[in-house]
1. Restrict the check to segment 27-40 and report whether at least one residue is at pLDDT 90 or above, within 30 Å of residue 143 (Cβ to Cβ) and in a helix (DSSP H, G or I).
2. Are there any helices (runs of 4 or more DSSP H) wholly within segment 63-148 with 3 or more residues that are modelled with pLDDT under 90, and if so which?
3. Could you tell me how many of the residues in segment 122-148 are exposed (fewer than 15 other Cβ atoms within 10 Å of the Cβ), closer than 16 Å to residue 21 by Cα and in contact (Cβ under 8 Å) with a residue 40 or more places away in the chain?
4. Which of the residues belonging to segment 64-79 are crowded, with 16+ Cβ neighbours inside 10 Å and either touching a residue at least 24 places away in the same chain (Cβ under 8 Å) or in contact with a strand residue (DSSP E or B) (Cβ under 9 Å, 6 or more places away or on another chain) (or both)?
């Protein structure tokens, strides 16, 4: 319990909560992909899955699945690196990866409404990442000024 309090004292709570949520998202997406990939067509008619893979399949073509899972895992690992080493560069790279996922999800052959819904999904995530980055930057500056 003391380590958790120390983490919240040293780091931005936004970054900690965001990292936890991104880790859960990465794990759930990987497990749902493995689950849906292992079902036959008849099994998938009987068993309903979480629906996350359905969302990702509508946003991306099926060939991007491995890239998506890899990007989600990288985002999680980069945020953990940002927390562990108190360095902001991995946090900036994770924001860039969210922007990359947003760009990959835009499909000009789909209707404007589909692309607008995709924007409504990704823009809040990107904004939350920027807020977490900025609050972590402020915490690190305060900590650095106290040590001098």
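The values are calculated or read from the model by the stated rules, or taken from the named source; none is laboratory data. Bear in mind the structure is a predicted one, so any value in this text is a computation, not a measurement. So basically every Cβ, Gly included, is an ideal-geometry build from the backbone, and we count neighbours across all protein chains shown.
1. No, because not a single residue in segment 27-40 is at pLDDT 90 or above, within 30 Å of residue 143 (Cβ to Cβ) and in a helix (DSSP H, G or I).
2. Numbers: elements: 65-85, 89-105, 112-147.
So the answer is 65-85, 112-147.
3. Count: 1.
4. 64, 65, 68, 69, 71, 72, 73, 75, 76, 79
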